[in-house]
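The values are calculated or read from the model by the stated rules, or taken from the named source; none is laboratory data. This is a predicted model, so every value here is computed, not measured. Every residue, glycine among them, receives a Cβ derived from its backbone with ideal geometry; neighbour counts consider all protein chains shown. Quick note on the areas: whole protein, heavy atoms, side chains included, nothing else; ligands and nucleic acids left out. Shrake-Rupley method; radii C 1.70, N 1.55, O 1.52, S 1.80 Å.
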Amino acid sequence: MADGGAATAPRAGVGQSPRRHEDERFLTGRGRYGDDLNLPGQAIGFVLRSPHAHATMAAIDTSRAAAAPGIVAVLTAADYLADGHRPMLHAPASQSPPDITLVNTDGSTIAVPHQMPLAHDRVRFVGEAVALVIAETLAAAKDAAELIAIDYRALPAVCAASTATAPEAPRLWEQPNVVVDALVGDGPATNAAFARAAHVARLDTHVQRVTGVPMEARTALAAYDPQTQRYTLYAGGGGVGRPRKDIAHMLGVDESRVRVVAYDVGGNYGTRNNTYPEFALACWAARRLGRPVKWLCERGEALLTDFQGRDLTVSAELALDADGNFLGFRTSNLSNLGAYAASFVPLTKGTELSTSLYRTPVAHARARAVFSNTVSTAPYRSAGRPEVMFVMERLVDRAAREFGFDRVELRRRNLIPEAALPYPNPFGMTYDSGAYEQILDRTLALADWDGFPARRAASRAAGKQRGIGLGTYVESQSGAPFEEAVVRVRPEGLLEVEIGTLSSGQGHETSYAQLLADWLGVENHRVQLVTGDTDRNKFAAGSHSGRSIRLASITMHAASQRIIEKGLRIAAHLLETAEADIAFAEGRFTVRGTDRSVDLFAVAAAAEGDARLPEELRGPLKGMGDVVSRISSFPHGWHVAEVEIDPETGKVTLDRYTAIDDVGRAVNPMIIHGQTHGGIAQGMGQALMEECVVDPESGQPLAGSFMDYAMPRASDLPFFATDLSEVPSTTHPLGFRGGGEGGVTPALGVIINAVVDALAEFGVTHIEMPATPEKVWRAMRGTERTNA
């Protein structure tokens, strides 16, 4: 938004680090989040959820609840179906190339069961919605929900992916639990490479399930206008286009009859990208009752029902020759989908990048996805890549330790050389550009790798164990390929930008303004974003998979060029000279060789109000840019972690962390550093403390509050040393790569490498995440040593 107080702020373009424009609004309480929104006459919704991981519902009686004080309605799946509505359709596959396609080896179709927003005849995970209670107050709704009588018939549950694949495992659906079983790469060539290998490093591991825990929990506020027959849903998330499409399908109406609006979004990390059942339920209830309906997700409810992340079981091997050259890689990756197939993206993206930045001649992967009686998994920050980078970096460290190689030099020897780029990896992904070895050297220097022995000696003198770990990563960015930007120059001195991305903390108001400051020569505070409204944004595909800066820059640049083209023609009339004699720079149209000029906003005023202009030049001064991008860019980098361990308690302290990430071109380095810091914190959380624990027999979640689900705090983290590499992407016309996921992608492997390094003298060769104090303490004493 254009704040008058910022009018004198200097213009800041690409590569500079102005303070985030949106932060003043947030810090002064002027943000507009889901719970800030209310409509006259609204009722409050509360969702009753299943206490069982797997059960049939023989009967449901809502009569006592419906008669309770303050109750407006109690709705079930029977009511939803009686109104002619449909289930929610998941679209779990990657949306377009360049991602690989997973095809079942037996030729069978990948069948994706539909999800009812309210369970109809069977529940398949603890927390699945079974009834919607609408009341005048939340307290009344909660009280009435306790009066609903449901005759559950409990069924055997299966929660672990490795157990769910067994032929005798309880089935969630009529089809087998394994829904994807694909082979990727060159199996015969990989087997031949292993046959001639001098060394083979092996790792069997499970990357545990975690959840995103955004600061703002989910919300939904819906209204229905009987005159226009339109639904309006206010709901934050990863975007507004997908919910519009899904809700229209579920309610059986044209997309034009659904408007979805999101203002400020308090965090996402991927877990809020999908459509949730409550969105459609609120819209349905609003129409049925003839009044707005508001639903708020409480934190315990979010920990129970938000789509979760990771949960990958891996068995992998790395073949090396006698000199340490990588010969081949093979892996079996098993993804736990949960009860519904919300997404295959983590499995797909992880598989296609599992050889990382290493020159690996051949590779072969088995990629499987399986249903279980747990909440669904979906993309969570850097979907699928942190898991496979963890596996590769653990393999390289194990190979170095087991076969006598220096762990830095082993990595250096096998890095893809800059001269080999663009480089096709064994799974068909072609990396664009980068200076991989230069970043390695810079990271080692920034981390003071050579000074580690002295720091280890100091820790030992204090009775502590110290370890150091390093690792690299690569990620691919694709996502929804369509985007459009409409940029309008307003005579009053504003630049209005309609675009379908949606910030959930990334700083779009700041970074987009920097781009336009360069291209149109305006002060940053004059740029006003219009996002999060399906009535204003054509595609409204939102922000995910690092698509925002990549696609926004292309579309806004094209729109800016069209504004300049039209502006030149208008300025020629205003300045009474030939168009060829006019140049545009620094926000002004100037007659070459003179001091005669007119600024961009004066040209916009003339376009809207000067009747002397030709008809084709009249009207708003605006430009449109669109793009269909099916080409990926590949952010990458190197990270180093140091940990200190208290042998008396097993507590691991992350003492130092260093990162250098390549984002192509950095629009705002400060924002990118902030993104990296947040990603490192999330990676540290998974490496050392976070886990969605589920009882393996009953399927009951055991981490339903912050008393049980450990989250990193500021006091758990050191000050980070971060820097950037800027090698422009050759697959992007402006050289940009996304910068939001680099912090988390290598962090799991780097931190666990450091932990294992600290414990090596105790015979520990691997430790599973999270490396909790108890697990570390037991590993040091050989009572729970994990040497898989």
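Just one of the numbered conditions (1) of a type outside the set (Ser, Thr, Tyr); (2) at positive phi; (3) out of contact with any helix residue (DSSP H, G or I) (no Cβ under 8 Å at 6 or more places or on another chain) is not true of HIS677: (2).
Here is the figure for segment 590-639: residues that are under 30 Å from ASP723 (Cα atoms) and either aromatic (Phe, Trp, Tyr) or part of a helix (DSSP H, G or I) (or both) total 2. Mind checking whether some residue in segment 762-771 is open to solvent by 40 Å² or more (accessible area, probe 1.4 Å) and touching a residue at least 12 places away in the same chain (Cβ under 8 Å)? Within segment 762-771, one or more residues are open to solvent by 40 Å² or more (accessible area, probe 1.4 Å) and touching a residue at least 12 places away in the same chain (Cβ under 8 Å). Taking the condition more than 24 Å from MET556 (Cβ to Cβ) and of a type in the set (Ser, Thr, Tyr), does THR745 pass? Considered against the rule, which asks whether it is more than 24 Å from MET556 (Cβ to Cβ) and of a type in the set (Ser, Thr, Tyr), THR745 comes out as yes. Using the structure shown, decide if LEU304 is closer than 20 Å to ALA378 by Cβ and either open to solvent by less than 20 Å² (accessible area, probe 1.4 Å) or assigned to a loop (DSSP other than H, G, I, E, B) (or both). So LEU304 does not fit the description; no.
In this entry, GLY567 is excluded by the filter for residues that are in contact with a helix residue (DSSP H, G or I) (Cβ under 8 Å, 6 or more places away or on another chain), at positive phi and either open to solvent by 40 Å² or more (accessible area, probe 1.4 Å) or among the small types (Gly, Ala, Ser) (or both). When SER629, SER553, SER560 are checked against the criterion of being in contact with an Asp or Glu (Cβ under 8 Å, 6 or more places away or on another chain), among the hydroxyl-bearing types (Ser, Thr, Tyr), crowded, with 18+ Cβ neighbours inside 10 Å and in contact (Cβ under 8 Å) with a residue 12 or more places away in the chain, SER629 stands alone in meeting it. Every condition in (1) farther than 30 Å from ASP323 by Cα; (2) open to solvent by less than 40 Å² (accessible area, probe 1.4 Å); (3) touching a helix residue (DSSP H, G or I) at 6+ places or on another chain (Cβ under 9 Å) is met by VAL200 except one, and the failing one is (1).
When each of ALA197, ALA129, ALA182, ALA164 is tested for being touching a strand residue (DSSP E or B) at 6+ places or on another chain (Cβ under 7 Å), at pLDDT 95 or above and farther than 30 Å from PHE427 by Cα, the lone residue that passes is ALA129.
Can ILE134 be described as closer than 25 Å to HIS544 by Cβ and crowded, with 20+ Cβ neighbours inside 10 Å?
Details: closer than 25 Å to HIS544 by Cβ: no; crowded, with 20+ Cβ neighbours inside 10 Å: yes.
No.
ALA572 meets all of the listed conditions (1) in contact with an Asp or Glu (Cβ under 7 Å, 6 or more places away or on another chain); (2) in contact (Cβ under 8 Å) with a residue 40 or more places away in the chain; (3) not in a loop (DSSP other than H, G, I, E, B) but one, namely (2).
Please pick out the residue among GLU691, GLU726 that is more than 30 Å from SER511 (Cα to Cα) and either among the polar types (S, T, N, Q) or open to solvent by 50 Å² or more (accessible area, probe 1.4 Å) (or both). It is GLU691. The set of residues in segment 228-245 that are out of contact with any His (no Cβ under 9 Å at 6 or more places or on another chain), closer than 18 Å to ALA378 by Cβ and either buried (at least 21 other Cβ atoms within 10 Å of the Cβ) or in contact (Cβ under 8 Å) with a residue 40 or more places away in the chain (or both) comprises ALA235, GLY236, GLY237, VAL240, GLY241, ARG242, PRO243.
Among the residues making up segment 138-170, those that are in contact (Cβ under 8 Å) with a residue 24 or more places away in the chain, in a loop (DSSP other than H, G, I, E, B) and surrounded by 14 or more Cβ atoms within 10 Å (Cβ to Cβ) are LEU147, ILE148, LEU155, ALA157, VAL158, CYS159, ALA160, THR165, PRO170.
Figure legend. Inter-residue proximity from segment 360-387: first residues farther than 23 Å from ASN268 by Cβ and among the basic types (Lys, Arg), second residues part of a loop (DSSP other than H, G, I, E, B) and at pLDDT 95 or above, beta-carbon distance below 9 Å, spacing 6+ or different chains. Indicated pairs: ARG366/THR105; ARG368/THR165.
Candidates are the residues of segment 652-673 that are touching a Ser or Thr at 6+ places or on another chain (Cβ under 9 Å) and open to solvent by 40 Å² or more (accessible area, probe 1.4 Å); the one that is farthest from VAL474 (Cα to Cα) is ASP655.
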